[in-house]
Amino acid sequence: MSVPALIPAPLPTLPNRVSGIVAEERSVDGRLRLTLQCADCLSTETPDMAVLMTYVFHPATSDGRRRCKACRIAAFPDCPCGRCTEDRTGSLYR
Ligand SMILES: [Zn+2]
Ligand SMILES: [Zn+2]
C-alpha cells in the first residue's frame, strides 16, 4: 500500500475572522495562535505571535487574497510598494 499524497486543500476561514485565518488555538500561556493559509499555494503558517505573521494581504491591492511571501513575489514581481520591496530583497532599504 502506498501512502496517498497529501494534497493541500483550501480551508474555510473561521467565522467572524479575516479571510485566510483558518484555525486558532490558545497556547498554555494564554496567547492566541492563529493559523494562516496562503490563497495561492495553500500552505499554512502558525506564527508564535500575530505580529510575526508573514502570510498577509498585499497592501496596494484589495483582491482579498492572503499570500505567503513567495506567492506575493510571484504575483507582484514588479510592484514598487514597500511590502514587495521588502519581500524581494529582505529589507525595505535596498
Ligand atoms: Zn503561497
Ligand atoms: Zn506591492
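The values are calculated or read from the model by the stated rules, or taken from the named source; none is laboratory data. From a predicted model like this one, the values you see are computed outputs, not experimental measurements. Counting neighbours? That spans all protein chains shown, and the Cβs are built from the backbone with ideal geometry, glycine included.
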TODO: Just need a number here: residues in region 37-94 that are charged (D, E, K, R) and in contact with a strand residue (DSSP E or B) (Cβ under 6 Å, 6 or more places away or on another chain).
DONE: 3
TODO: Could you tell me whether any residue of region 25-32 is surrounded by 14 or more Cβ atoms within 10 Å (Cβ to Cβ) and basic (Lys, Arg)?
DONE: no
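Residue-wise test of (1) assigned to a loop (DSSP other than H, G, I, E, B); (2) within 14 Å of ligand 1 (Cβ to nearest atom); (3) hydroxyl-bearing (Ser, Thr, Tyr).
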residue	(1), (2), (3)
LEU11	yes, yes, no
ARG17	yes, no, no
VAL22	no, yes, no
ASP29	yes, no, no
ARG33	no, no, no
Open item on the list: Here is a list: PRO47, PRO59. Which entry is more than 13 Å from ligand 1 (Cβ to nearest atom), assigned to a loop (DSSP other than H, G, I, E, B) and either at pLDDT 95 or above or surrounded by 13 or more Cβ atoms within 10 Å (Cβ to Cβ) (or both)?
Closed with: PRO47
Open item on the list: Anything in region 69-91 that is out of contact with any helix residue (DSSP H, G or I) (no Cβ under 7 Å at 6 or more places or on another chain), near ligand 2 (Cβ under 8 Å from one of its atoms) and assigned to a loop (DSSP other than H, G, I, E, B)? List them, or say none.
Closed with: CYS79, PRO80, CYS81
TODO: Please give the number of the condition GLY20 fails out of (1) at negative phi; (2) at pLDDT 95 or above.
DONE: (1)
